[in-house]
Amino acid sequence: DGTKAAELFSRGYSFTYDDVIFHPHYIDFPTDAVSLSTQLSRNIRLSIPCVASPMDTVSEAHMAASMAALGGIAIVHSNCTPSQQASIIRAAKSLRVPIVPSVSFVSPTDGLPDSYGRYVFITESGGLPSKLLGYLSSSDCDNLRNKAVKIIDYKRDCKAVEYVPWNYDLGQIEGILEEKKCDFVALERDGEVVNVVTKADVERLKGYPKLGPGTVGADGEWMVGAAIGTRESDKERLEHLVKAGANVIVLDSSQGNSIYQIEMIKFIKKTYPHLDVIGGNVVTMAQAQNLIQAGVDGLRVGMGSGSICTTQEVCAVGRGQATAVYKVSSIAAQHGVPVIADGGISNSGHIVKALALGASTVMMGSFLAGSTEAPGAYEYKNGQRVKKYRGMGSLEAMTKGSDQRYLGDTAKLKIAQGVVGAVADKGSVLKFIPYTMQAVKQGFQDLGATSLPSAHELLRSGTLRLEVRTGAAQAEGGIHGLVSYEKKSF
Ligand code: XMP
């Protein structure tokens, strides 16, 4: 009954996640017995198989700290200068309690922001980390509204501010807030404020599912990944990133099987032998084989599967993501190289499929964009609260420098391989990722797999069976036949 993966994926079709469905197997363990711990790369272990994509609308400091606190990891994008990318990594590592501040920050020369929370903080740089110069409460700001004044002249003094060390945990912060009867504390590292946490933030975080175990390096700090390209100048960028404490490097290319990438892999392995390097993107066994031979510690799989991608349309190359993940994983497994299934994840079922087909982690863009932790401000579109999400191959992103991912930097004419869009507000990753992982565990239980290695073994041995879903079967597998409904997953 059903088809073995090896047979299904040798028929010459390019299948994606929605095309295939697993047969349920046998359950003899509870959901909580499922472990999702996994390898990101040869030497980096994660407690959940989630990776935030190196995109400038997804992975900066707050996403990186939050993903690490959850037990996953983020790869900080390189669509900025090397020193900016290094600062993002340092900032992420300093956010021990991964709270996105609910207060606003301005520089001494700025006016009042259009909207503000309970406080507006004036810092040297107008953001964090920085030196704190003073602050105003929301009622101070209300009084100054529409007045042509310099807010720095009306700031409250910092003497009353309670400073605590950056590495205090939530319990310690809560203790100080209670003991000192204050509404917020400023977390400080090396003379700079790295975050401001209010009483309300602490209450919010306490209401989320339990975090971790987090992804922590040998130095006790969050592990953070970083993307680079394959230009000569990326060697210099790499030096900045290594100094900032980057724990793993992702060579960010839409077509990774190139002489440029192979040379870069060899250079990094020679220069920084203890630094894991993830190569890609690849979708075929031959591409994977080349990068494995060059010495990669992990492979990133996907071409044109991303929600904002137009590579398959523009360049006529790529592969359905289910087929790509299965094919690359089967060769990578023979060499002990973990695979990241990159792109095309829009629900927990896609994560189950990617992992059961051989991936060790999933990399997500749109699934995480729109969260509290994603860069950028919320705006309203047609009455819906949204955040911008753009492809790194979109013209808008390439103008800022991401064109070398698409090997377009030397070309005279830039051709877009991605689009700019917006995704709905999803709330905090600290809340929806734990719920998503619980759903993935339930999927694993239905498959009769207690862990990723056990799912991989069930697939390899042919015990796990799949089928292709017809269009009608796919429609039947979704919500259908209702006049209206409300979709709430947790
Ligand atoms: P999702 O589906 O999670 O996909 O939003 C994220 C992945 O998409 C890739 N990516 C792109 N691919 N043009 C492309 O063809 C683009 O502009 C683009 N931007 C990102 C990337 O692999 C990412 O992780």
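The values are calculated or read from the model by the stated rules, or taken from the named source; none is laboratory data. All figures in this text were calculated on a predicted structure; none of them were measured in a lab. Backbone-built Cβ (ideal geometry, glycine too); neighbour counts: all protein chains shown.
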Just one listed residue, out of Glu221, Glu179, is at pLDDT 95 or above and more than 29 Å from Ser37 (Cα to Cα), and it is Glu179
Provide a single number: the residues in segment 227-241 that are over 20 Å from Val58 (Cβ atoms), part of a loop (DSSP other than H, G, I, E, B) and touching a residue at least 40 places away in the same chain (Cβ under 8 Å). 2
Test of understanding: among Asp409, Asp403, which residue is part of a loop (DSSP other than H, G, I, E, B), over 30 Å from Gly71 (Cα atoms) and modelled with pLDDT under 95? Asp409
Single condition Lys400 does not satisfy, out of (1) within 15 Å of the ligand (Cβ to nearest atom); (2) buried (at least 20 other Cβ atoms within 10 Å of the Cβ); (3) more than 20 Å from Ile73 (Cβ to Cβ): (2)
Criterion: in contact (Cβ under 8 Å) with a residue 12 or more places away in the chain, exposed (fewer than 12 other Cβ atoms within 10 Å of the Cβ) and more than 28 Å from the chain's Cα centre (by Cα) - qualifying residue of Asp169, Asp153, Asp157: Asp157
Only residues that are of a type outside the set (Asp, Glu) and touching a residue at least 12 places away in the same chain (Cβ under 8 Å): list them for segment 461-490, please. Gly462, Thr463, Leu464, Arg465, Leu466, Val468, Arg469, Ala473, Gln474, Gly477, Ser489, Phe490
Suppose the filter is closer than 26 Å to Gln287 by Cα, within 10 Å of the ligand (Cβ to nearest atom), over 15 Å from the mean Cα position of the chain (by Cα) and not in a loop (DSSP other than H, G, I, E, B); does Met363 pass it? no
Of the conditions (1) more than 28 Å from Phe432 (Cβ to Cβ); (2) part of a strand (DSSP E or B), Val185 fails just one. Which one is it? (1)
Determine, yes or no, whether Ala416 is within 16 Å of the ligand (Cβ to nearest atom), more than 22 Å from the chain's Cα centre (by Cα) and not β-branched (Val, Ile, Thr). yes
All but one of (1) surrounded by fewer than 22 Cβ atoms within 10 Å (Cβ to Cβ); (2) among the acidic types (Asp, Glu); (3) within 23 Å of Val420 (Cβ to Cβ) hold for Glu60; which doesn't? (1)
Considering residues of segment 370-395 that are within 17 Å of the chain's Cα centre (by Cα) and hydrophobic (A, V, I, L, M, F, W, C) only, the residue farthest from the ligand (Cβ to nearest atom): Ala374
Options Asp140, Asp114; residue that is out of contact with any helix residue (DSSP H, G or I) (no Cβ under 6 Å at 6 or more places or on another chain) and in a loop (DSSP other than H, G, I, E, B): Asp114
Subset of segment 143-160 that is in a loop (DSSP other than H, G, I, E, B) and either at pLDDT 85 or above or of a type in the set (D, E, K, R) (or both) - its residue that is nearest to Lys180 (Cα to Cα): Asp157
